[in-house]
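The values are calculated or read from the model by the stated rules, or taken from the named source; none is laboratory data. None of these values were measured; they are calculated from a predicted model. Every residue, glycine as well, gets a Cβ built from its backbone with ideal geometry; the counts of neighbours run over all protein chains shown. Only protein heavy atoms, including side chains, enter the accessible area calculation; ligands, DNA and RNA are left aside. Shrake-Rupley method; radii C 1.70, N 1.55, O 1.52, S 1.80 Å.
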Amino acid sequence: MVLVPVCVVFSSFLSPDEAIWQHLITTTLPNLLTNTLWLSLGVILGTSFLGISLAWFTSVYAFPGYRFFSWALFLPLAIPAYVIAFVALGIFDYTGPVQTSLRGWLGSDLLWFPDIRSGSGVAIVMTLAFYPYVYLLSRDAFLTQGKRLLEVAQSLGFNRRQGFFKVVLPMARPWIVAGIMLALMETLADFGAVSIFNYDTFTTAIYKTWFGMFSLSTASQLASLLILIVLVIILTEQRFRLRMRFYENKKSAQADRIRLTGWQAITVTAFAGTVLFFAFILPVIQLSIWAWNSSATGFDERYPEFAWHSVLLSVLAALMTCLAAAMLAYAARLYPDGYSRFAVRLATVGYALPGAVLAVGIFIPMAWLDNRLSDWIEVISGVETGLLIQGTLAVMLVAYMTRFLAVSYFPLESALQRVTRSIDEAATGFGITGWAMLKTIYFPMLKSSLFTAATLVFVDVMKEMPITLMTRPFDWDTLAVRIFSLTSEGQWEQAALPALTLILTGLIPIILLVRHSET
C-alpha cells in the first residue's frame, strides 16, 4: 500500500518533458536546491538545540516552573506550521503591529530590523513548529535513563557537562535522531509555510511545475528526487546506528532532580518561557484577536461538523498507521538482514512526499482499480455501480498511512532497541513465547512509545491539508480545508477562527500524551 503511490510517482520518469527540465535546470533548480539545503540545515540545528536542551532541563533539573514547562512545551505540536507562518507575517512584517509601533516610537524606517520574509525567518518559524518532535522523543529518553547515566558519568570522574555530552547524549541518540528525522522530513515536504513566505524550495517547484506549467509528470519526477534524497539520509543514519545497543533504566524517571538556583534557574526559566511564548502563546493571542474582530462575519455554523470530521479521520488514521508501523518494526527485529532494513526504510519515505503529489499517487491507482471493479461487476451482474472506491474515506486513510507511517515507526523502532535479545531469551526460558511474549514483555515496554506514535499521527492528520483537500468525499470538509479556502483568498482574520478551533481540538490528545508521559 505504501509502495504503490511511490511507484506511481517514480513511473513519471518514463515520460520526461525535456523542455520543462531544461528550463528548470538552467533557471531555477540550482537556487531551489540551495534554498532547500539551507532551510533543512537551519531547521535541523534549531530543532536539535531547542528540543534537546529543553528536554534535558525539564527531565533532570528542578527550576521555577519546571512542572508547567514539562507539559506546556508540547503545546506547539497542535499548531500547524502554516498557521505560525501567517501569524508571524501578520505580527512582524513591515505593515505588522511590531514594526508599525517601533516606527511610530523611534521615528525611523527601521533599516536594522530583521526581514521576516527571508530564509532565516522561514527557518525560525519551522523550528518553532517542529521542535516538539525532538523535545518529545528526547524527553522520553532522558526520563528513562538520563539522571542515572549522569550519576554514573560523575562517578567516573566527569563533571555534569562532560557526562551529558560523552555519556547521556550518545545513549539517547536513537530518540534524538528519530525526532530530528521527523522534523527534517516535515521540512522537506512542507508547502504551506514556505509558500506563505514566498520562499522557493523543492516543494514549491513541484507545485509550480504542476499548477503553473501543467506538467504533473515533471512534478512527480521532482518529487521522486526528493524521495531519493530522504532515503539516502535515512539509510546513512541507520548504517551508523546499526551496531549500537541501547538500554533503559525505568528508575531514572523517579530519580531526584538536580535543583538549580540563582542565575542558572532564572536563565533556564527565561529560556523555556521565551520558546513557549513565541511558539504557542503569541500565535494563540494573535489568532484570538483576529477571531474576535471577525466573529460577527467569520463564524460558520458548520465548524462543529468540520471538527468532527477532523477528529474522526485522525483517530482512524492513527490506529491504522500505528498497527502497520508496529508490524514493520517487529518484522525488522525478527529478520535483521539488509533486505528487511531496506524494505522498511523504503516503506517510510512517504513522509517526504508533498501531500498533493502523494494524493495523486494514491488517486491514480485507486481510480484504475475502481474502473476495473465497476466493469467487472457490470459484466457479471449487468448493473452499473458507478464509482465504489473514489470519494471515500478509505482513499484518504491509505494516503494518510503512506504519508505518516514514518511518524509512528521511528518512535516504535527506537523503543524496540531497549528490548534486548537477552530479554527474549529469558522470557523463552520461562516458557513465554508467541502472543504471550508480545502481551507480557513487548507491550508493557512499548506502551509509552505506542501512545506517543498514535498522538503524533493524530495531530499530524489534524493539520494535514493537501491530502484532505484532494481526496476527501464531496462536501466533506475539515478544519484544515476551511483554513485553506480562507487563506487562499487572503482572508487572514477569517481564517483565525477555524485555526483556533483546530488548535484547541489538537490540544486534547497532546494533553493526554503529557499526562501519560508523566506517569
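Yes or no: Leu512 modelled with pLDDT under 80 and either aliphatic (A, V, I, L, M) or in contact with a strand residue (DSSP E or B) (Cβ under 9 Å, 6 or more places away or on another chain) (or both)? The answer is yes for Leu512. Checked against the criterion of being within 21 Å of Thr487 (Cα to Cα), in contact with a Phe, Trp or Tyr (Cβ under 8 Å, 6 or more places away or on another chain) and at pLDDT 90 or above, the range 270-282 has at least one qualifying residue. Tell me, please, whether a residue that is open to solvent by 30 Å² or more (accessible area, probe 1.4 Å), assigned to a helix (DSSP H, G or I), at pLDDT 85 or above and more than 30 Å from Ala265 (Cα to Cα) can be found in the range 40-61. Yes; the residues of the range 40-61 include at least one that is open to solvent by 30 Å² or more (accessible area, probe 1.4 Å), assigned to a helix (DSSP H, G or I), at pLDDT 85 or above and more than 30 Å from Ala265 (Cα to Cα). Here's a check for you: in the range 62-76, which residue that is open to solvent by 10 Å² or more (accessible area, probe 1.4 Å) and assigned to a helix (DSSP H, G or I) is nearest to Met126 (Cα to Cα)? Applying the filter and picking the extreme gives Leu75. Exactly one residue among Ile116, Ile79 is open to solvent by 20 Å² or more (accessible area, probe 1.4 Å) and touching a Phe, Trp or Tyr at 6+ places or on another chain (Cβ under 7 Å), and that residue is Ile116. Could you identify the single residue in Ala324, Ala265, Ala307 that is assigned to a helix (DSSP H, G or I) and either within 23 Å of Pro132 (Cβ to Cβ) or at pLDDT below 85 (or both)? When all the criteria are applied, what remains is Ala307. For the range 335-371, a residue qualifies if it is surrounded by fewer than 20 Cβ atoms within 10 Å (Cβ to Cβ) and not in a helix (DSSP H, G or I), and the qualifying residues are Tyr335, Pro336, Asp337. Taking the range 155-173 as the range and being open to solvent by less than 80 Å² (accessible area, probe 1.4 Å), part of a helix (DSSP H, G or I) and free of Cβ contacts under 8 Å to residues at least 24 places away in the same chain as the test, the residues that pass are Gln162, Gly163, Val167, Pro170.
Condition check ((1) small (Gly, Ala, Ser); (2) modelled with pLDDT under 80; (3) crowded, with 24+ Cβ neighbours inside 10 Å) across all residues:
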| site | (1), (2), (3) |
| --- | --- |
| Val461 | no, no, yes |
| Met470 | no, yes, no |
| Asp475 | no, yes, no |
| Val481 | no, no, no |
| Trp492 | no, yes, no |
| Pro498 | no, no, yes |
| Leu502 | no, no, yes |
| Ile508 | no, yes, no |
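Being assigned to a helix (DSSP H, G or I), within 30 Å of Leu334 (Cβ to Cβ), open to solvent by 30 Å² or more (accessible area, probe 1.4 Å) and touching a His at 6+ places or on another chain (Cβ under 7 Å) is a condition met by no residue of the range 404-426. Applying a threshold of 7 Å to beta carbon distances and a minimum spacing of six or more residues, or different chains, the list of pairs starting in the range 433-457 at a residue that is more than 26 Å from Pro132 (Cβ to Cβ) and ending at one that is outside any loop (DSSP other than H, G, I, E, B) and open to solvent by 30 Å² or more (accessible area, probe 1.4 Å) reads Ile441/Ile423.
Examine the range 57-69 for a residue that is among the aliphatic types (A, V, I, L, M), touching a residue at least 40 places away in the same chain (Cβ under 8 Å) and closer than 23 Å to Gly192 by Cα, and state whether such a residue exists. Checked against the condition, which is being among the aliphatic types (A, V, I, L, M), touching a residue at least 40 places away in the same chain (Cβ under 8 Å) and closer than 23 Å to Gly192 by Cα, the range 57-69 yields no hits at all.
Selection of the range 390-402 for residues being touching a helix residue (DSSP H, G or I) at 6+ places or on another chain (Cβ under 8 Å), open to solvent by 10 Å² or more (accessible area, probe 1.4 Å) and assigned to a helix (DSSP H, G or I) yields Leu393, Leu397, Val398, Met401.
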